[in-house]
Amino acid sequence: MTDDARDDLPAFAHDYPIDPRLDALVRAFARGDFRRVRLEAPALAAETDDPAVRLAALNLRRRIDAAPAALALIGIGVALLAYLYLHHLGAAP
């Protein structure tokens, strides 16, 4: 793929190796088709013989995962909400 054809890719993907399946996944990522990326990126990583394509596919898959800090903040928010609810009912100390 020429550099002109890769201009529509996200900036992080310009360093990815040239591979038709990987490029299709990057384009799916760019248009917001995260379901496809979630399903096909691990399969591509398992099937390819090229370690650079494997790392790029796994990196692309990792980019759609929730950040651990965000998950922790959601958990804290849910725990706080439960505490306040129970406190309102008089069940909490």
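The values are calculated or read from the model by the stated rules, or taken from the named source; none is laboratory data. Everything numeric in this text was worked out from a predicted model, so none of it was measured. All Cβ positions, even for glycine, are placed from backbone atoms using ideal geometry, and neighbour counts span all protein chains on display.
Before moving on, here are some points about what is shown:
- Among the residues of segment 31-49, those that are part of a loop (DSSP other than H, G, I, E, B) and either modelled with pLDDT of 95 or more or surrounded by 12 or more Cβ atoms within 10 Å (Cβ to Cβ) (or both) comprise Asp33, Thr48.
- Check on Ala28, touching an Asp or Glu at 6+ places or on another chain (Cβ under 9 Å) and assigned to a helix (DSSP H, G or I): yes
- Hits in segment 41-60 - residues which are polar (S, T, N, Q) and closer than 14 Å to Pro20 by Cα: Thr48
- Residue-level check: of (1) surrounded by 11 or more Cβ atoms within 10 Å (Cβ to Cβ); (2) of a type outside the set (Gly, Ala, Ser); (3) farther than 16 Å from Asp23 by Cα, Arg63 misses just (3).
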